1. Looking only at the stretch 56-72, decide whether some residue is touching a Gly at 6+ places or on another chain (Cβ under 6 Å) and farther than 30 Å from Phe24 by Cα.
2. Determine if the stretch 63-80 includes at least one residue that is in contact with a helix residue (DSSP H, G or I) (Cβ under 8 Å, 6 or more places away or on another chain), of a type in the set (A, V, I, L, M) and modelled with pLDDT under 85.
3. Filter the stretch 7-31 for residues that are polar (S, T, N, Q) and in contact with a Phe, Trp or Tyr (Cβ under 8 Å, 6 or more places away or on another chain) and give the result.
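The values are calculated or read from the model by the stated rules, or taken from the named source; none is laboratory data. Not measured: the values here are computed from a predicted model. Note that we place each Cβ from the backbone using ideal geometry, even for glycine, and neighbour counts take in every protein chain shown.
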Amino acid sequence: MSYLRDVHNELEERKNELLGAARFIASLSCVDGVVLLDREMIVHGFGVELRTDNDLRDVYMAGDAQAEGGRLRRVDLTHFGTRHRAMMRYCHLHPGALGFAVSQDGDIQAMTRIGARLVVWENIDVQLAFKPDNWFTGTHDLAPILRRISLRVES
């Protein structure tokens with residue numbers, strides 16, 4: 001039983017470290033601008049303003065999770081603030097990039113380039129889920145940190 005307690009304590013410590021790092025990175029977004037991370041989630045800057053000569057014109061709001069053509073609606077780039085436009089330009093210039101813009105009110109928009117179009121999903125619902133302290137049930141399955149990402153589509 002001592003082994004299980006040690007494993008549980010180690011997992012709890014790692015979870016707290018991860019949450020602390022996530023909170024720190026989130027606090028960097030309090031400064032206006034972008035938090036710039038690489039694929040390994042290493043922070044390369046915060047309060048960053050991304051500039052480009054790219055003439056981004058095709059911005060589309062997704063009406064469903066798959067961004068099906070019939071459910072896309074074109075929106076004007078000026079509909080968005082500086083932080084959002086900067087991330088949109090970055091994603092448009094770097095195919096395969098996935099950007100997230102978090103507003104002060106907590107709304108999250110995700111964006112990526114699909115073909116020649118920059119597609120934005122708004123009102124992303126992110127829920128963190130942790131099992132209670134007595135999570136061990138005899139199996140070695142660990143609780144996922146991110147359980148669900150869903151899309152709230154407004155009609």
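1. Among the residues of the stretch 56-72, at least one is touching a Gly at 6+ places or on another chain (Cβ under 6 Å) and farther than 30 Å from Phe24 by Cα, which makes the answer yes.
2. Checked against the condition, which is being in contact with a helix residue (DSSP H, G or I) (Cβ under 8 Å, 6 or more places away or on another chain), of a type in the set (A, V, I, L, M) and modelled with pLDDT under 85, the stretch 63-80 yields no hits at all.
3. Within the stretch 7-31, the first condition is being polar (S, T, N, Q), and the residues that meet it are 9, 16, 27, 29.
The answer is Ser29, and nothing else.
Yes or no, residue by residue, for (1) buried (at least 16 other Cβ atoms within 10 Å of the Cβ); (2) under 21 Å from Leu28 (Cα atoms); (3) modelled with pLDDT of 80 or more:
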site: Gly96; (1), (2), (3): no, no, yes
site: Val102; (1), (2), (3): yes, yes, no
site: Gln109; (1), (2), (3): yes, yes, yes
site: Ala116; (1), (2), (3): no, no, yes
site: Val120; (1), (2), (3): yes, no, yes
site: Asp133; (1), (2), (3): no, no, no
site: Arg152; (1), (2), (3): no, no, no
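Here is a yes/no grid of residues against (1) closer than 21 Å to Gly115 by Cβ; (2) under 20 Å from the mean Cα position of the chain (by Cα):
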{"site": "Leu28", "(1), (2)": "no, yes"}
{"site": "Leu56", "(1), (2)": "yes, no"}
{"site": "Gln66", "(1), (2)": "yes, yes"}
{"site": "Gly70", "(1), (2)": "yes, no"}
{"site": "Asp76", "(1), (2)": "yes, no"}
{"site": "Gly96", "(1), (2)": "yes, yes"}
{"site": "Ser103", "(1), (2)": "no, yes"}
